[in-house]
Amino acid sequence: MATIWHEARVGRLTLPHRFAMAPMTRSRALPDGTPGPLAAEYYAQRASLGLLIGEGTQPSDDGQGYLLTPGLYTDRHVEGWRRVTDAVHDAGGHLFVQLMHVGRASHPDNTPHHRQPFAPSAVATGEQIFTAQGLKDMPTPRAMSIDEIRKTIDDFAYAARRAIEAGADGVEIHGANGYLVQQFLSVNANLRNDEYGGSIENRARFAIETAAAVADAIGADRTGIRLSPGSTFNAIDEGEEYEALYRHLVRELAKLDLAYVHVVHHGNEPLVQDIRRLWPNALLLNRPGQALEKLGADVESGLADVMTVGRWALANPDFVERYRIGAPLNDPDPATFYAGGERGYTDYPRLDAGRAAVAVG
């Protein structure tokens, strides 16, 4: 039986324990999408988590949804991410970059080209998004053509190659949280009647083809994908057959021999157990709101190989050390999650050496 402190194999990496850092948008990139000047420090501070999954990173201008999120498709982006990966590696950690295309969850004011967003179908979220001028309605997207679908898959593969060029250990495809990949999976966002819509097999096609293209570009053992079965974030509805959809999707993704699947657990325990049974490689699990004392239970039961930590990692650069000795944790400050600057980003305190020594003794 594995414990949280056993080594874990994820793709070509051997991790020192069963914790990893979950991807978290921090909105501190430069206006052109280059990682900000504090990004290398922020990630390196958390290197003891072993595997860091970087924040959602757009693979193209069309993929951007929020203000000041990073990209990975220009030379400046690569140079910026190289500073981050070098710092993480120098500190003993590993970094996967999460590739996030938001689809309809966007606004023209937030993108470099100010174009209308596109999505599987011309269906608006009915929700709002922050812009430099404040909250605005997310506009109705235009439906993607087949050529645009193929171009977007190519964009994911291109960004994955640029990530490896920047020194990343791999990439995670963001197939969760109501963004483009999950929009294709969902019955209320995908009204298509071609090979990318309608049946379970067709709605899963975009996710599978994107994963295959990325794996072909950089290697399956450098490719992961994040899924959030049953999530309703960004006005998503996957329909009554969503369990069958995910069983089909995971079976097909398993054929690609990806490094991992990263599951956000929204309460459907039997489905997550089925995903575990169907998935042959590493399964990373995130349980939002899980009690700290239960954090290792899913590894011990065999449901997960690695547990990903979000807000605790954000507020505690030395989370692993604190957890190991049972030290108190810093509380995250939501007011600074997207505020810019070092406050709430690189200034969370670490345990001092003397206090740590007393706690160990």
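Every number in this text was worked out from the coordinates using simple rules, so none of it is lab data. Every value quoted in this text rests on a predicted model; they were computed, and no experiment measured them. Cβ sites come from the backbone with ideal geometry, for glycine too, and all protein chains shown count toward neighbours.
Here the relative contact order of the chain, from alpha carbon pairs under 8 Å that lie six or more residues apart, stands at 17 percent.
The magnitude of the dipole of segment 8-360, with charges of +1 and -1 set on the Cβ of Lys/Arg and Asp/Glu and taken from the Cα centre, is near 420 debye. In angstrom, the C-alpha Rg and Dmax of segment 1-154 are 17.5, 53. A simple rule links phi to the HN-Hα coupling: the Karplus curve 6.51 cos²θ - 1.76 cosθ + 1.60 with θ = phi - 60°, which for segment 203-209 gives 5, 7, 4, 4, 4, 5, 5 Hz, with x for Gly and Pro. Relative contact order of segment 129-263: 27 percent, from C-alpha pairs under 8 Å at least 6 residues apart in sequence.
For a paramagnetic label modelled at 7 Å from the Cα of D216 toward its Cβ, which residues of segment 144-171 fall within the zone defined by backbone nitrogen distances under 13 Å? Under 13 Å, as judged by backbone N against the label point of D216, lie 150-151, 153-158 of segment 144-171. Close amide-amide hydrogen proximity is noted between G36 and A29, L30, each under 5 Å apart and 5 or more residues distant or on a separate chain (H modeled in the peptide plane; Pro and chain starts excluded). Within the chain, the longest run free of GluC sites (Glu not before Pro) that sit in a DSSP loop with at most 12 other Cβ atoms within 10 Å is 8-239. Here the chain carries DSSP beta bridges of which approximately 20% are antiparallel, counting only pairs with both residues inside.
Derived scalar couplings between HN and Hα for segment 307-317 equal 9, 9, 10, x, 4, 4, 6, 4, 8, 9, x Hz in order, rounded to whole Hz, by the Karplus curve 6.51 cos²θ - 1.76 cosθ + 1.60 (θ = phi - 60°), x for Gly and Pro. Debye sum, Cα scatterers, segment 8-360, no solvent: what log₁₀ I/I(0) at q = 0.08, 0.13, 0.15 1/Å? Values returned for q = 0.08, 0.13, 0.15 Å⁻¹ are -0.35, -0.99, -1.34.
Taking the empirical scaling 2.2 N^0.38 Å for compact globular proteins as reference, segment 231-361 has a Cα radius of gyration ratio of 1.30. For M21, the residues whose amide H sits under 5 Å from its own are L51, L52, I53, V309, ignoring neighbours fewer than 5 places away on the same chain, with H placed 1.01 Å from N.
Taking other C-beta atoms within 10 angstrom as a stand-in for reagent exposure, H174, H107 fall in the order H107, H174, fewest first. One Cα centroid belongs to segment 270-311, the other to segment 46-74; the line between them spans 23 Å. The label-point distance for D331 and D194, in a model that sets each label 7 Å from Cα toward Cβ, rounds to 5.2 nm. Annotation: the residues Y246, Y196, sorted from fewest to most other C-beta atoms within 10 Å of their own C-beta, follow the order Y196, Y246.
How high is the FRET efficiency from Q128 to N268, r the C-beta distance, R0 30 Å, rounded to 0.05?
0.60
Taking every alpha-carbon pair under 8 Å whose residues sit at least 6 apart, segment 1-98 reaches a relative contact order of 31 percent. Residues of segment 103-138 falling in the label zone of T74, defined by backbone nitrogen less than 11 Å from a point 7 Å along Cα to beta-carbon, are 112-113. Under a 5 Å amide H cut-off, with hydrogens placed 1.01 Å from N, Q98 pairs with G54, E55, T57, E172 among residues at least 5 apart or on other chains. Sequentially through segment 296-301, phi angles give Karplus couplings (6.51, -1.76, 1.60; θ = phi - 60°) of x, 5, 6, 6, 5, 7 Hz, Gly and Pro residues having no value and appearing as x.
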